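Chemist: One structure, pasted below without further comment.
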Amino acid sequence: MKRLLLLTVILLFPLLCHSQSDSLHYFSDAIKVDLKQYKRESAIAYRKGDFERGKFLFDSLVENRLTGTRFDEFVFKKVRGGKFRFSKEKKPIILITYASWCVTSPGEIPALNKLAKRYGRDVKFVVVFWNRRHDMKKIARKFNHNITVCYAHETYKNDESAIAAIKHTLGFPTSFYLDEDKNIVDIRRCGIKLSPKRTTYRKAYTLNYNSYLDGLSTIVLGKELVKETIAVK
């Protein structure tokens, strides 16, 4: 009887492993579901100036399709040399995507630098610019050493899958919050949109700091990050 049971387990083991592998739902596959409809409706909403509708569509896509999926094992080139592999990182990750011609919100980068310095032991901070390497020298200097600055571009063959799954779907700037297993906890738009004529640098910095801190609270467990929120003046 024991031999029969052992033989059954041996025969079924490959099937069970195959089934578990098939059940793993990756971000790049999930984003394809209803993407055309999302892009069409989103474009109509923003063309009409209906930003609430646009935000609703984005949040619905994230909540209903993308949250809980596994982030793909993308590999990005680091500005300072080497490569960043998501599969090798053991900590939760915040990934932020930009482009050099996309102006960041006032105070946004300093706020990220501050957070990375404070929580770099618990979270891996990664920034990816959709640019060629020669466009990155000045930009990379704005981020402190606690943030890994990477780049990717359509002209680089190995970047095609990441660009197709991230840049050409949700656009940028966008922030991805991943747990230690690289499952997506949340996806958000980056930067606080403010009128520069009506907003001081201090207020812009504070709002950006608090916004990213709120996102970090979803992947940094056991730490009361909310208490460190800066009061807006």
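What follows is calculated from the coordinates using simple rules that are stated; it is not laboratory data. Remember, predicted model here, so these are calculated numbers, not experimental data. Cβ: placed from backbone, ideal geometry, glycine included. Neighbour counts: every protein chain shown.
Chemist: Report, in debye and to the nearest 20, how large the dipole of the stretch 74-124 comes out about its Cα centre when Lys and Arg carry +1 and Asp and Glu carry -1 on their Cβ.
Modeler: 400 debye
Chemist: Please give the contour-minus-distance gain from Arg133 to Val185: 0.36 nm per residue of separation, less the Cα-Cα distance, rounded to one decimal in nm.
Modeler: Full extension of this stretch gives 15.7 nm more.
Chemist: Something else about it: Go through the stretch 100-109 residue by residue and turn each phi into a ³J(HN,Hα) via Karplus (6.51, -1.76, 1.60, θ = phi - 60°); whole Hz please, and just put x for glycine and proline.
Modeler: Using θ = phi - 60°, the values come out as 4, 8, 8, 5, 6, 5, x, x, 5, 5 Hz.
Chemist: Please express the shape of the stretch 48-145 as an equivalent ellipsoid: the semi-axes are the square roots of 5 times the eigenvalues of the C-alpha gyration tensor, given largest first in whole angstrom.
Modeler: Calculated on Cα positions only, the semi-axes equal 25, 20, 15 Å.
Chemist: Let me ask something else. If I model a spin label as a point 7 Å beyond the Cα along the Cα-Cβ vector, how far apart are those points for Asn144 and Arg40 in nm?
Modeler: Computed distance between label sites Asn144 and Arg40 equals 4.8 nm.
Chemist: If you don't mind, another one. In whole angstrom, how far apart do the alpha carbon centroids of the stretch 118-140 and the stretch 35-54 sit?
Modeler: 29 Å
Chemist: At Ser60 and Glu160, where each label point lies 7 Å from the Cα along Cα→Cβ, what is the point-to-point distance in nanometres?
Modeler: Those two pseudo-labels are separated by 3.4 nm.
Chemist: Moving to a separate point now. Run through the DSSP bridge list for the stretch 81-192 and note the antiparallel percent, rounded to the nearest 5.
Modeler: Numbers: 10 of 21 bridges.
Given both bridge residues lie in the stretch 81-192, the antiparallel proportion sits at roughly 50 percent.
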